[in-house]
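These notes concern the structure reproduced below.
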Amino acid sequence: MAYKVLIVDDDADFRSELKGLLDGFDIVEARDGAEALGYLKKANEIAAVILDVKLPGKSGIEVLRDIRRTDPNLGIIIMTGHSSKDTAIEALKAHADDYIEKPSDIGKVRDVLTRVIEARKGRGTPEAVDTKGKIDKVKYFIEANCFKKTCLKDAAMAVCLSPKYLSRVFKEAEGIGFSAYRTRVKIEKAKELLLKRGFNVNQAAEKLGYENPESFIRQFKKLTRCTPAVFRKQYLKKKRKP
């Protein structure tokens, strides 16, 4: 049976586009928070909600909080075209399961939605499920904010944990520390900037929030064993081979 998903967005064209990307799901639509909350108050089989931040009337964050008061187990994905670190923190603190930027991340919506629904329907002790959910939120927070200056304290605030506790459980769960994971995400994004978007080394360093190109080059070389310039040169050389 197809999972039923509620899309809440005041843009009818965007709802239609999103519905097309989610072929195989049973889609229900709402234009604003009031309509969404009215639907959820009735008997329903909604597995997840995709909720835009900027809505007429109540904001998406306010609607998220209202839903959580009545249904703490419903999967909720916040989506916005007005991304900022503060918005991500606010959404995650209000217990959103995930966070998507539009239009840049819209192609990922099916994967994100499937992961959220499966996680919500997964089994385990409440403590284990809660910790895993928070680690997943932190990982997404890092990825969604890789172009911004964020730190362990920001991520801890987003999931309502102390930085010290988050540092410990993150390393236990991922086998790598928070800072090392964040660096790995940044370097993977750097590869994309260098190879697919035509950034030079200085531009990539600035885009990724490094204080200077030297720090960026040092971290890039540590993880890839070559400088960004050599990495791109090797890629282009392989690409030219018949």
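The values are calculated or read from the model by the stated rules, or taken from the named source; none is laboratory data. Just so you know, these numbers come straight off a predicted model, no measurement behind them. Because the Cβ atoms are built from the backbone with ideal geometry, glycine has one as well, and the counts that use them run over all protein chains shown.
A few comments on the model shown:
- Among the candidates E143, E90, residue that is assigned to a helix (DSSP H, G or I), at pLDDT 75 or above and within 12 Å of the chain's Cα centre (by Cα): E143
- Tally, over the stretch 185-218, of residues that are at positive phi and in contact (Cβ under 8 Å) with a residue 12 or more places away in the chain: 1
- Number of residues in the stretch 219-234 that are surrounded by 13 or more Cβ atoms within 10 Å (Cβ to Cβ) and of a type outside the set (A, V, I, L, M): the value is 9.
- Residue that is surrounded by the most Cβ atoms within 10 Å (Cβ to Cβ), among those in the stretch 14-52 that are under 16 Å from V112 (Cβ atoms) and small (G, A, S): A48
- Subset of the stretch 135-160 (residues that are free of Cβ contacts under 8 Å to residues at least 40 places away in the same chain, surrounded by fewer than 20 Cβ atoms within 10 Å (Cβ to Cβ) and either more than 20 Å from I77 (Cβ to Cβ) or not hydrophobic (A, V, I, L, M, F, W, C) (or both)): D136, C151, L152, K153
- Single unsatisfied condition, A229 versus (1) touching a residue at least 12 places away in the same chain (Cβ under 8 Å); (2) among the hydrophobic types (A, V, I, L, M, F, W, C); (3) closer than 30 Å to D97 by Cβ: (3)
- Filtered by the rule that a residue be of a type outside the set (S, T, N, Q) and over 13 Å from K191 (Cβ atoms), the stretch 204-220 gives A205, E206, G209, Y210, E211, P213, E214, I217, R218.
- Scanning the stretch 4-43 for residues that are assigned to a loop (DSSP other than H, G, I, E, B) and either without any contact (Cβ under 8 Å) to a residue 60 or more places away in the chain or over 21 Å from the mean Cα position of the chain (by Cα) (or both) gives D10, D11, D23, G24, R31, D32, K42, A43.
- For the stretch 186-205, filtering for residues that are assigned to a helix (DSSP H, G or I) and surrounded by 16 or more Cβ atoms within 10 Å (Cβ to Cβ) leaves 10.
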